Amino acid sequence: MTDPKQPLALQHVLWLTVSLTMVAAPHAWRLPWWVVALFATLAAWRAYVSYGRLTLPSRWLLLVVVIGATIGVYLHYRTLFGRDAGVALLVVMLGLKLLEMRSLRDAMLLILLGYFLVITNFLYSQTIPTALYMLVCVWIITATMLSLHHARDEPPFQRQLRVSGTLLGQSVPLMLVLFLLFPRVSGPLWGLPQDAFAGVSGLSDTMTPGSVANLILSDAVAFRVKFDGPIPQPKYLYWRGPVMSDFDGVRWSASRFLYGTPEFTTSGTPVTYEVTLEPHNKRWMFALDLPAKTVPRALTSADFQIRSLEPVANRVRYDMASFLSYRYGAAESQTALRRALQLPPGFNPRSVAFARSLREKFGDDRALVREVLAMFRDQNFSYTLSPPPLGQHTVDDFLFGTRSGFCEYYASAFAVLMRAAGIPSRIVTGYLGGEVNQLGNYLIVRQADAHAWTEVWFRDAGWVRVDPTAAVSPLRVESGISAAVPRTDPLPLLVRGDFELLRQLRFTWDLMANTWNQSVLGYTPERQRRLLTSVGIDDATWRLLTMIMLSLAAVIVVVLSAFMLRRLKARVRDPVKIAYLEFCEKLRRKGVPRDPAEGPVDYARRLARARPDLAAAVNAITQLYVRLRYGAETSAAAFREFQQRVRRFAA
Amino acid sequence: MYAALKNHLTNWLFQLRGPQTGVIVLVQRRVFILPTRQGLTFAAVLLMMLTGSINYNLSLGFILTFLLGAMGVNAMLYTFRNMANLRIAGGRARPVFAGDTAHFIVHIDNSGRTHRYAIGLTHDRKESVFVDVPPRTTVATAVGILARRRGILRPGRLTLFTRFPLGLFYAWSYLELDMRCVVYPRPASQGLPLPPATTSAGAGAERGQGQEDFSGLRQYHLGDSPRHIAWKAAARDQGLLTKQFTGPADTELWLDWSALPPRMGVEERLSQLARWVLDAHAAQLSFGLRLPGETLEMAMGHAQRDRCLEALALYDSDS
């Protein structure tokens, strides 16, 4: 199989089909079902055609399928460009090209497209399992490519796998050099398609009953935190996210961005840590109350929301510091306070009336807050992930009806009561707690840790955090979500953590994933700079970087070629023969080379005629050689004499 | 001027110095390597993947692209290694008739310890034969060249090449082996009948060689038909003896250039003579050949046939 136009053998077609199907398989969950069915049909058809030695379908039929599939993709995605539609088209075209594959040249094209299809998988997932799976795919594709270029007697496929494994393995050093030193540019070269980062979950900028509870069902990691010192106690681990002041009766929404920094007083030393935030396609960035540091390319607002300038589409890492004991907002502006008191008219009349009655009973704001929290704690309120549905007056229905709900129900009800009672209040959403991975000593915060709490404003103290959920379910704060919700509620397995072994496995796995994220996926221009600084190269320009990269690559290629070309010549092991060859080489330089087919004795005879002056020495050496190599002579003395004679011969 | 310069440059670059006797060792200077069309496509795909990785900031995309790129570089070394240090020696080529394909045997010796796969040999870059050469073995392969004209056929510049392992690179070496193949004239298809045999004068004619009656044994000569060897005598350890026959054809058949019709051209005559040689041999006759300036004495058997055909092949040729 070496002629570009030669038809393909059955095993090549089968391996090609298998490897392409393997690469396309992870896309199956993301593609419309008919694309999957079409590809499967085409692949099966191709295998069948090869197996039965039938003829391939005519190009006209394939053209019709191409047009039909293109229209189908357009109708499904409403575009032919972008990530999803592009992948769908590529998969369809691969299937069709399979059916049109006749010669080695077509097969090679398919293999190259197969490599390209591998990279499209990374647009959706770059986890360790994906990487490993794709590595296997690349391995098989390469083995197929290898087997295509064998002559007629082709070794079994296992051998091709072994050779292609060696080939790939030997490429790793060069790959590492290129990966580490290739000058990285940050940011996209051109505008990314709209759908580039669709389908990531995270906190939204609005809150309705049930919106946080939906997040709880996801065990996806929101961010990971590595503290410089010990990890603070659970009760401090309120990760501040969107702050919501505007309420329309059902939905809380994040306030417009308020510039400026409120006055605040802090005490103690701040805790410092590094946050690695997973992409969530929103602008929020998270920090513990009270953030004491700004994040590059992000703004901090007057209510301590940190917002990135662009939606977080890639994993970002930032250093942060927080004061755990603080006071802020005592001199809050009147506008902000008025907004924190607004209630839409006509909603939740019973709650408003109830709040007014409380106000009459308690003159002191703090006493009123305590009373409401006591109500949550002492009456039959329950904390559950699957609360009964609420009607139009959500807070009324919750407070006086169902009395069971999740954190956002409590936060919302509490804030409404406060506002109705004339105490400025607002909702803060974010995450609470997190899970400590002892193996790596860092904190994993998952979407399941999403939380909503409130802040109320006291004239003498400013904004104070009040978490009504803590009153209902203190466990939620102390021990996390899995301890707080009833066992019958659906929770992701990873969040539950019932079995010790499973926990350990989970931590190990997360440590691996984190290391992977930090060092492989998070290898950014900054990391590259840091790496170079650590080896003593400060501010490397891309030119210097390229030069270093190329020279290292050259070194690797030279070493590799020396390694690969070392076993090409016949090696002579017999010292007697080595010495004799040295002797022949000397004669060659004198202009009397030995013929390839000439025996030592014949050679000596010819030499005696051609160069009578050398005859004596040549004869002595030849006789010794014949005795040593072919005769019974084995003594070391004879060998030494032979060697010496050869050495002296040059004269 | 330009053509001469180009020729000179090519000769220098590819080290073309005319046919070489003995073994050609494919040292580094003799093996050339360039990417194939697939190799260029591969590079283009890698470039696309690199741009995509930069644009979408795909770390794994970078890894894959660089891994494949490094593999490409590696494949170049593999392709080169597949050719390097092979030892090539020209073998012999059996004579053929003009119009047939001459097969030049080429011995490829792999004295190293690595397996060489899919080594191709071609003379016109259209048709190639492929062989695998296992470690420490010599493999014979043959390149077939159409022999158009009678005379001596030289294979000219052969190309030994490989695309193994991935087809991304094409490594080749030019071989100018000192090989020759004798091309006999194509026998005339419907020739004239054999000329009449002349009976040799005198009593000696009784011992003319024929086919029918056994007349005795003589020492074996090279070229005697194996069918006439006295195998029984050989089995009795008497050495190789050839059985001699006498027949009615105690005749001398002379295939004579000058006996052909005068209107025939040189090549036509040679063709006709070749036909006669074959016919006479097939009829197991004893025959001689007279060409202008050359006469081959009366004899019979394969050796005589080949001698005569060779004389016809080389008649009045420069090589």
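A short reminder: the numbers here are calculations on the coordinates, not readings from a lab. Because the structure is predicted, anything quoted here is derived from the model rather than measured. Using ideal geometry, Cβ is built from the backbone for each residue, glycine included, and neighbour counts are taken over all protein chains shown.
Here r is the Cβ-Cβ distance between residue A:519 and residue A:56 and R0 is 56 Å; the resulting FRET efficiency, rounded to 0.05, is 0.75.
Other residues with beta-carbon under 12 Å from the beta-carbon of residue A:17 carry, at +1 per Lys or Arg and -1 per Asp or Glu, a net charge of +2. Averaged over peptide A:171-184, the number of partner chain Cβ atoms lying within 10 Å of each residue's Cβ comes to 5. Charged neighbours of residue B:185, selected by a Cβ distance under 10 Å, balance to +3 (K, R count +1; D, E count -1). Distance from the C-alpha centroid of region B:269-295 to that of region A:575-589: 53 Å, rounded to the whole angstrom.
Distances between placed amide hydrogens fall under 5 Å for residue A:382 paired with A:404, A:405, all partners being 5 or more residues away or on another chain.
Pairs A:226/A:282; A:569/B:6; A:226/A:293: which exceed 25 Å Cα-Cα? Provide the component values of the computation, followed by the final result.
Numbers: A:226/A:282 22 Å; A:569/B:6 34 Å; A:226/A:293 16 Å.
Table pairs above 25 Å Cα-Cα are A:569/B:6.
Sorting A:629, B:116 on the 10 Å Cβ count, fewest up front, what's the list? Intermediate values should be presented prior to the final figure.
Details: A:629 14, B:116 24.
Neighbour counts put them in this order, fewest first: A:629, B:116.
Could you tell me the center-to-center distance, by alpha carbons, between region A:430-464 and region A:200-259 in angstrom? If you average the Cα positions of each part, the centres end up 8 Å apart. For the peptides A:21-30, A:596-605, residues were scored by their other Cβ atoms within 10 Å and the scores averaged per peptide; the highest-first order is A:21-30, A:596-605.
Helix A:525-534 and the longest principal axis of the Cα set of chain A meet at an angle near 60°.
How well do other chains shield peptide A:141-147, expressed as the mean number of their Cβ atoms within 10 Å of each residue Cβ?
Numbers: counts 1, 5, 0, 0, 8, 7, 1.
Mean shielding by partner chains, rounded to a whole number: 3.
Largest first and in whole Å, the equivalent-ellipsoid semi-axes of the protein assembly as shown read 93, 34, 23, each the square root of five times a Cα gyration tensor eigenvalue. When the Cα gyration tensor is reduced to axis lengths a ≥ b ≥ c, the ratio a/c is 1.5 or higher for region A:14-172, and with a/b not above b/c it is classed as oblate. Note on A:117-125: average number of Cβ atoms from other chains within 10 Å of each residue's Cβ is 5.
Dividing the convex hull volume of the alpha carbon atoms of chain B by its residue count gives 213 Å³ per residue.
Helix B:2-13 and the longest principal axis of the Cα set of chain B meet at an angle near 80°. Quick one: check the C-alpha center-to-center distance for region A:93-134 versus region B:145-168, whole angstrom. Using only Cα atoms to place each centre, the spacing works out to 37 Å. In chain B, the longest principal axis of the Cα atoms and the axis of helix B:37-56 are about 10 degrees apart. Neighbours of residue B:239 by Cβ distance under 14 Å: Lys/Arg scored +1, Asp/Glu scored -1, total +2. Size of region B:51-94: Rg and Dmax of its alpha carbons, in Å, are 19.9, 65.
Debye-formula intensities of region B:12-184, expressed as log10 I(q)/I(0) at q = 0.08, 0.09, 0.10 Å⁻¹, are -0.32, -0.40, -0.47 (one equal scatterer per alpha-carbon, no solvent). Sorting the segments A:533-546, A:404-417 by their residues' average number of neighbouring beta-carbon atoms within 10 angstrom, most packed first, yields A:404-417, A:533-546.
Using only helices, what value at 222 nm comes out for the protein assembly as shown when you add -39,500 (n - 2.57) per DSSP H run of length 4 or more and divide by the total residues, to the nearest 500 deg cm²/dmol? Write out the running numbers ahead of the final one.
On the way: 30 runs with 408 residues, N = 970.
Only helices count here, giving -13500 deg cm²/dmol.
Summary value for chain A: 12 percent relative contact order, contacts being C-alpha pairs under 8 angstrom separated by 6+ residues.
Expected output is a single nm value to one decimal: the length gained when fully extending between residue A:127 and residue A:375, i.e. 0.36 nm times separation in residues minus the C-alpha distance. What is it? Walk me through the intermediate numbers first.
Values: separation 248, 0.36 × 248 = 89.28 nm, distance 4.64 nm.
Value of the extension gain: 84.6 nm.
Peptides A:463-469, A:324-330 ordered by packing proxy, namely the average of other Cβ atoms within 10 Å per residue, highest first: A:463-469, A:324-330.
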